[in-house]
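Notes for the one structure printed next.
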Amino acid sequence: MSIILETIIVNTIFLLFPLAIYLVYIAYIRNMDLEEKTIFFDLAIFSSIYFIIRYGVDFDYIIPLVLLNIPLLICYLKKNNLSAVILSFICVIYCHNMLGISHIILLLEYFVYFIVYNFIIHRHLTPPYIISYFVLIKAFVISLEVNIFIKPTVNPVHNAIYVFAILLIFTMISYLILYFLQKGEEIMDLNATINELEKEKRVRASLFKITHEIKNPIAVCKGYLDMMDYNDGETVRRYTKIVKDEIGRTLILMDDFLSCTKVKIEKEEVDLYLLLEEIGDALQPLFRKNKIATCIEVPDEELYVMLDYNRMKQVIVNVLKNAIEAKKNEGKNKIWIEIEEEKEKVVIFIRDNGIGMDSNTLKKVDEMFYTTKEKGTGLGVSLSKEIVELHGGAMKYYSTLGKGTTVAISLPLA
Ligand code: ADP
Ligand code: MG
C-alpha cells in the first residue's frame with residue numbers, strides 16, 4: 001500500500017512541478033499585462049511527460065495506465081488540440097512498449113478520446129464533464145487491456161478490483177490537478193481584477209479633478225459676467241480681461257491634459273548638446289524678461305542619444321519654465337544647466353536658486369494636478385516625468401525651501 005502511495009505522490013510531484021512553474025509564468029504575464037504565449041503551456045506539459053517517463057517510479061503499471069493520460073487530459077481541459085494529438089502518439093508508443101498492447105487498440109483508444117472531446121463534449125465544455133467522459137472511456141478500454149494484455153492469467157474479479165483502483169487513482173489525481181490549476185488561475189484573475197480596479201480608481205480620481213479644475217474657472221467667469229454692469233465701460237473692460245484669462249487658462253489645462261493622455265514617443269538620433277543649446281537660445285527672451293541670468297555649460301562637442309526630439313524639448317522647456325516661475329523677488333536669480341556624462345547614461349542637471357520647495361511639495365511635485373501656483377495646471381512635471389521614463393530614463397527633484405531646486409534628468413546612452 002505504501003509503495004502505491006509513494007508512487008502516486010512522487011509522480012504527481014513530477015507532474016505538478018512544470019505546471020506550477022507555468023502558473024508562475026501566467027501570474028507574471030497577467031501582472032505585466034503582456035500577451036500569453038501557449039508555447040509555455042506546451043513546454044510545461046511536455047516537461048511533465050518527460051519527467052514521469054524519465055524519472056518516474058512505476059508500480060504495477062501506474063505510469064502508463066494512469067499518469068501518462070493526465071497531461072493529455074489537461075491539454076483537452078485547456079483546449080489545446082495540437083498538443084493533445086502529439087501527446088496521444090507519445091502515449092501510444094510508450095504504452096505499446098511498456099504493456100505490449102497492440103498499436104491498433106491504443107490508437108483506437110486515443111482516437112476515441114479525440115473524437116469524444118471534439119464532437120461530443122464540445123457542447124458542454126465544463127472540466128468535470130471532460131474528466132468523467134475520459135474516465136468512462138478509460139474504464140471500458142482498461143478492462144479489456146488488463147484482461148487481454150496485462151494480466152490475462154489473473155482471476156477476473158481481481159482484475160476488476162485492479163481496474164477500479166486504477167480508475168479511482170486516475171480520477172483523484174485529475175481532480176487534484178484540475179483544482180490546483182483552477183485555484184491558481186482564480187487567484188490570478190482576482191489579482192488582475194484588483195489591478196483593474198486600481199487603474200479605474202486613478203482614472204476616476206483624475207476625471208474628478210479635471211471636472212473640478214474646469215469648473216472653477218467657469219464659475220469665476222460666470223461670477224464676473226453676473227456682476228458685469230454693461231453701462232460702465234471700465235468694469236466691462238476689466239472683467240472681460242479676467243474672463244478671457246480664465247478661459248485661456250482652461251484651454252491650456254485641456255491641452256496639457258490631452259497631451260498627458262496620449263504620450264507616445266518616436267526615437268531618433270539626436271545631438272543632446274545641440275538640443276540644449278537650441279532650447280537655451282529659444283528661451284533667452286523669457287529669461288531676459290524675468291531678469292534671470294543663465295549659464296548653460298554644455299561641452300563643445302556632440303553627444304548622440306536616441307530621443308524623441310519634440311518630447312524631450314517639451315520636458316526641458318517645462319522644467320525651465322518651472323525654474324523661471326520659481327524666481328525670488330529679491331536678489332540675483334540664476335538658472336544653470338550642467339551635464340554629466342557617465343558610462344551608460346547622461347545626466348542633465350537643471351538648477352535654479354529660486355524659492356525651492358518644502359518637503360510636502362517635493363513629495364507631490366510629480367503628482368498630476370498638484371500645483372502651488374494660482375494659475376498652474378500641475379501637469380508639467382507629471383507629463384515630463386512620464387516622457388523621460390518612456391525613454392528609459394529617470395527624473396529626480398532635489399530642493400531646499402528658500403534656496404533653490406535641482407532637477408536631474410538621466411537618459412540612457414544606447
Ligand atoms: P505647474 O507649474 O502648473 O504648477 P508643474 O507640474 O509644472 O505644475 O509643477 C508642480 C509644482 O511643483 C509647482 O506648482 C511647484 O510648486 C513645484 N515646482 C516645480 N518645479 C519647481 C521649481 N523649480 N522650484 C520650485 N517649485 C517647483
Ligand atoms: Mg509647470
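If you check residue 247 against the conditions, is it away from ligand 1 (no atom under 16 Å from the Cβ), aliphatic (A, V, I, L, M) and under 18 Å from residue 410 (Cα atoms)?
On the way: away from ligand 1 (no atom under 16 Å from the Cβ): yes; aliphatic (A, V, I, L, M): yes; under 18 Å from residue 410 (Cα atoms): no.
When the stated conditions are applied, residue 247 does not pass them.
Could you list, in sequence order, all residues of the range 382-399 that are modelled with pLDDT of 90 or more, more than 16 Å from residue 313 (Cβ to Cβ) and within 8 Å of ligand 1 (Cβ to nearest atom)?
The answer is 397, 399.
Looking at (1) within 13 Å of ligand 1 (Cβ to nearest atom); (2) farther than 15 Å from residue 273 by Cα; (3) not aliphatic (A, V, I, L, M), find the lone condition where residue 336 falls short.
(2)
Looking at the range 69-120, which of its residues are polar (S, T, N, Q), surrounded by fewer than 16 Cβ atoms within 10 Å (Cβ to Cβ) and assigned to a helix (DSSP H, G or I)?
Of the range 69-120, the ones polar (S, T, N, Q) are 69, 80-81, 83, 88, 97, 102, 118.
Among the residues that remain, those that are also surrounded by fewer than 16 Cβ atoms within 10 Å (Cβ to Cβ) are: 81, 97, 102, 118.
Listed by number, the residues that qualify are 81, 97, 118.
Does the range 323-339 include one or more residues that are over 21 Å from residue 289 (Cα atoms), of a type outside the set (S, T, N, Q) and in contact (Cβ under 8 Å) with a residue 24 or more places away in the chain?
Within the range 323-339, the subset over 21 Å from residue 289 (Cα atoms) is 338-339.
Applying the additional criterion that residues be of a type outside the set (S, T, N, Q) yields 338-339.
Keeping just the survivors that are in contact (Cβ under 8 Å) with a residue 24 or more places away in the chain gives 338-339.
Looking for residues that are over 21 Å from residue 289 (Cα atoms), of a type outside the set (S, T, N, Q) and in contact (Cβ under 8 Å) with a residue 24 or more places away in the chain, one finds at least one in the range 323-339, hence yes.
Are any residues in the range 337-362 more than 10 Å from residue 404 (Cβ to Cβ) and either open to solvent by less than 40 Å² (accessible area, probe 1.4 Å) or assigned to a strand (DSSP E or B) (or both), and if so, which ones? Before you say what the answer is, go through the steps one by one.
Just the residues of the range 337-362 that are more than 10 Å from residue 404 (Cβ to Cβ), to begin with: 337-350, 358-362.
If the condition is that a residue be more than 10 Å from residue 404 (Cβ to Cβ) and either open to solvent by less than 40 Å² (accessible area, probe 1.4 Å) or assigned to a strand (DSSP E or B) (or both), then 337, 338, 339, 340, 341, 345, 346, 347, 348, 349, 350, 361 are the ones that fit.
So, in the range 351-366, how many residues would count as being more than 8 Å from ligand 1 (Cβ to nearest atom) and in contact with a helix residue (DSSP H, G or I) (Cβ under 9 Å, 6 or more places away or on another chain)?
Adding up the residues that qualify gives 1.
Based on this model, can you work out whether residue 267 counts as at pLDDT 90 or above, of a type in the set (Lys, Arg) and open to solvent by 90 Å² or more (accessible area, probe 1.4 Å)?
Details: at pLDDT 90 or above: yes; of a type in the set (Lys, Arg): yes; open to solvent by 90 Å² or more (accessible area, probe 1.4 Å): yes.
Here the answer is yes, as residue 267 does meet what is asked.
Has the range 304-315 got any residue that is more than 12 Å from ligand 1 (Cβ to nearest atom), over 21 Å from residue 381 (Cβ atoms) and open to solvent by 30 Å² or more (accessible area, probe 1.4 Å)?
Filtering the range 304-315 down to residues more than 12 Å from ligand 1 (Cβ to nearest atom) leaves 304-313.
Adding the requirement that they be over 21 Å from residue 381 (Cβ atoms) leaves 304-306.
Next, only the ones that are open to solvent by 30 Å² or more (accessible area, probe 1.4 Å) stay: 304, 306.
There is at least one residue in the range 304-315 that is more than 12 Å from ligand 1 (Cβ to nearest atom), over 21 Å from residue 381 (Cβ atoms) and open to solvent by 30 Å² or more (accessible area, probe 1.4 Å).
Between residues in the range 21-35 that are within 8 Å of residue 188 (Cβ to Cβ) and residues that are of a type in the set (A, V, I, L, M, F, W, C), which pairs lie under 7 Å by C-beta distance while being six or more apart or on different chains?
Within 7 Å, the pairs are 26/188; 27/188; 30/188; 30/192.
The values are calculated or read from the model by the stated rules, or taken from the named source; none is laboratory data. Nothing here was measured: the structure is a model prediction, and the numbers come from that model. Glycine also receives a Cβ, built like all others from the backbone with ideal geometry; neighbour counts cover every protein chain displayed. With ligands, DNA and RNA removed, areas are computed over all heavy atoms of the protein, side chains included. Shrake-Rupley method; radii C 1.70, N 1.55, O 1.52, S 1.80 Å.
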